[in-house]
Amino acid sequence: MTDRKERISRRGFLKTAAAAGAALAISPAWNNVQATTRAVSGNKPASGGDAKAATVTAHRTLGTGQAAFEVSALGFGVMGMTYNRSWHPDKAQCIRLLHEAMDRGVTLFDTAIIYGPLNNELLAGEALGEFHGKVNVTTKFGHEVIDGKATGRQDSRPATIRRYCEESLKRLRTDCIPMFYQHRFDPNTPVEDVAGTISDLIKEGKVLHWGMCEVSAATIRKAHVICPLTAIQSEYHLMHREVEKNGVLDVCRELGIGFVPYSPMNRGFLGGDLNEYTQFDPNNDNRTTLPRFTPEAMRANYRIVNVLQRFGRERGMTAAQLALGWLLQKEPWIVPIPGTTKLSHLEGNLRTLDFTLSTEEWKQLEDEVSAIPITGDRYNAEQQKQVGF
Ligand SMILES: NC(=O)c1ccc[n+]([C@@H]2O[C@H](COP(=O)([O-])OP(=O)(O)OC[C@H]3O[C@@H](n4cnc5c(N)ncnc54)[C@H](OP(=O)(O)O)[C@@H]3O)[C@@H](O)[C@H]2O)c1
């Protein structure tokens, strides 16, 4: 209890400090961002010598009209705290880090039923459930989970969505899911039925907004007509730019739908801490199944990290900050959700918003990275079959 009081008073302090800070000089690219930005972080880049904890006060709006959802410009991916990322600290430390992120202004936290399964939602609920309304824990349905185990099948039938919704509400310790995503397309359930079910759940007050992951532009159009989408969540980062080519970003722009890039640092690779010698836990890390994470692929692809590190050295930025900043400058309706288990990484990632690069500099970085051929596909054949419908 004392802990929480301290947290809340510290939070007030951080807010005041941020509000008092001067707005940063923004380059043309970041001016676009300002259009939907409520406030800009008052912290200065590392070179400015500001010793305050990094906070995010910049907000972005995902979706438009009734589907509009205002969130912090950077979110937090909770998945890796229990699932798919090999190593994580104990629950108490994870909860402390989630509270730290909240104290520092993060209002968008991302989980899913399949993560664990279930234990990631349980963690998010235990840490953040009591702060419902101040922060948003978004979650995802679709992957079938029976008796706490993943079956590998999809199930987005209306009755299942309703059941998953009730169960997620309990695990997240809330009475309304701020955003409910369909995690993967279900070939056996028409998208119109999925959208219709979500529309009913929104009317009933159990869900506030909805989104879809890894779907095609055509599916987005069909779904949006029935129930306006707030966000599409698909993989997007400097090493995987498919959504620029397959019409997904175009349709989001056209229809006013937000975009949440998942794995914004390519599952940590772009942060530079992983290399060909990294040993993943085969029981709790999907990177062991991804062609891009074999030792050979990581050795070849490390040239990309080298580019980021060299580019960053001249600007006082880390490779991770460049990976996140590149996404943020793409569109003002993009909100990345990096995951971490470390306070130092949270601190650095939030400071991404303090840096100013010109459009030309981002282009130079993008061109240098694009010139390097990428070794290994992002997914194996089985995983690839589940995306792009
Ligand atoms: N919709 C979907 O299908 C889908 C799929 C995958 C993921 N997601 C969502 O996206 C979120 C993020 O994805 P992700 O975890 O796959 O990838 P990510 O955010 O690209 O990378 C996370 C990894 O990067 C490391 N990291 C974080 N900050 C760093 C920094 N500053 N420097 C170096 N390394 C850093 C973390 O390790 P440390 O713990 O050591 O910091 C962590 O293992 C997930 O939590 C999940 O919510 C959604």
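All of the numbers you see were taken from the coordinates with simple rules; none came from a lab. It should be emphasised that the depicted structure is a prediction, and the values quoted were computed from it without experimental measurement. Here Cβ is always computed from backbone atoms with ideal geometry, including for glycine, and neighbour counts include all displayed protein chains.
Below, the figures for the structure above:
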item: Mean-position separation - Cα centroids, segment 207-272 and segment 345-361, in angstrom; result: 22 Å
item: Positive-end extreme of charge dipole, segment 21-384 - chosen from GLN364, ILE198, PHE311 (charges on Cβ); result: PHE311
item: Protection proxy ranking, peptides 62-68, 211-217, 317-323, average beta carbon neighbours within 10 Å, highest first; result: 317-323, 211-217, 62-68
item: Of the chymotrypsin sites (Phe, Trp or Tyr not before Pro) in segment 200-305, those whose Cβ has at most 11 other Cβ within 10 Å and which sit in DSSP loop; result: TYR277
item: Three-way shape call for the chain based on the alpha-carbon gyration tensor, with the a/c threshold at 1.5; result: rounded
item: Förster radius 25 Å - calculated FRET efficiency between ASN119 and ASP175 (Cβ-Cβ, nearest 0.05); result: 0.70
item: Cβ charges +1 (Lys, Arg) and -1 (Asp, Glu), total dipole of the chain, debye; result: 680 debye
item: Relative contact order (%) - segment 21-384, alpha-carbon pairs under 8 angstrom, separation at least six; result: 21 percent
item: Rounded, prolate or oblate (a/c below 1.5 giving rounded, otherwise prolate when a/b exceeds b/c) for segment 123-214 by Cα gyration tensor; result: oblate
item: Sequence of ASP281, ASP175, ASP186 once ranked by neighbouring C-beta atoms within 10 Å, starting from the fewest; result: ASP175, ASP281, ASP186
item: About the Cα centre, charge dipole magnitude for segment 264-335 (Lys/Arg +1, Asp/Glu -1 at Cβ), debye; result: 260 debye
item: Cα-Cα over 23 Å, subset of LYS245/LYS385; LYS222/LYS385; LYS52/LYS330; result: LYS52/LYS330
item: Efficiency of FRET from Cβ geometry, GLU314 and THR151, R₀ 51 Å, rounded to 0.05; result: 0.55
item: Charge context of TYR115, other residues only, Cβ under 12 angstrom, K/R +1, D/E -1; result: +1
item: Estimated distance in nm for a label pair at ALA159 and GLU347, the labels positioned 7 Å out from Cα along Cα-to-Cβ; result: 5.3 nm
item: Most fluctuating residue given options THR230, THR151, THR82, as computed from a GNM of the chain linking Cα atoms under 10 Å; result: THR151
item: Two-site label geometry, TYR277 and GLU368: point separation in nm, points 7 Å out along Cα→Cβ; result: 2.5 nm
item: Fully extended contour minus Cα-Cα distance, from THR294 to GLU254, at 0.36 nm per residue; result: 10.6 nm
item: GLN66 paired with ALA381, simple spin-label distance in nm, labels 7 Å along Cα-to-beta-carbon; result: 4.5 nm
item: Charge dipole of segment 21-384 about the Cα centre (unit charges at C-beta), most positive-ward option of HIS143, GLY75, MET179; result: GLY75
item: Residues TRP87, TRP362 arranged by fewest to most Cβ contacts within 10 Å; result: TRP87, TRP362
item: Farthest positive-ward along the chain dipole, Cα basis, beta-carbon charges - from PRO264, ILE113, LEU353; result: LEU353
